[in-house]
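Scroll down for the structure; my scribbles are underneath it.
The values are calculated or read from the model by the stated rules, or taken from the named source; none is laboratory data. Being a predicted model, the structure only gives us computed values, none of them experimental. With ideal geometry, Cβ positions are generated from the backbone for all residues, glycine too; neighbour counts draw on all protein chains shown. Quick note on the areas: whole protein, heavy atoms, side chains included, nothing else; ligands and nucleic acids left out. Shrake-Rupley method; radii C 1.70, N 1.55, O 1.52, S 1.80 Å.
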Amino acid sequence: MAWDEWEQLKNQAAQKRSAHMQLNQLPADGGGGGGSTPQGDLTVDQKDLAAIGDRAFKLWEDLGRYGRDAWSSSQTAASDLKTQGFKLGGAVDRVQSRWEEQLTSLLDACAHISNHMDFTKKAHQGDEYYIGGQISSISTLDKGFDGGKGH
């Protein structure tokens, strides 16, 4: 009796392990990314693109205005400290130089994003007009077949 119970427990454990391992696999029907079953599309509309571009442009403006103010203040402080003989002036000057490099990099990135969103918005708008024209041409052609004279 003990042996039969042991065999039953082993079978139950094997069944549980088999079911558990299947949870970590794709179904056998091939469903999954890149298969024949679509998983959804990424969609972006003109309003989304415009909002991203606008935010990047606003960030570019604010960084330019306030970031340059901080740069100017630290440049003045570094110069004053150096003039008065403080070694700290050199350190502030190095920090200010690094700040300028990073600020310029950020400003360039924001400008690139803003410009790219403007370009993308215009490109997609052109695609929409083209696709709309193609579809309206097809529907005009379909009307010719659907509205036949009893042929």
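For the reader, a short list of remarks on this structure follows.
- A 1.4 Å probe run over the range 67-109, with the rest of the protein chains in place, finds 70 Å² accessible per residue.
- With all protein chains modelled, accessible area of L88 [1.4 Å, Å²]: 110 Å²
- Local electrostatic count, A91, Cβ distance below 12 Å [Lys/Arg +1, Asp/Glu -1]: +3
- Site pair H124 and H112 shows an inter-label distance of 2.1 nm when each label is modelled 7 Å from Cα along Cα→Cβ.
- Peptide packing for 107-120, 73-86 was compared via the average number of neighbouring C-beta atoms within 10 Å per residue; ordered from the highest value, the list is 107-120, 73-86.
- Reach of K16 by Cα under 18 Å, taken over aspartates and glutamates that are not fewer than 8 positions away in the same chain: E5, E7
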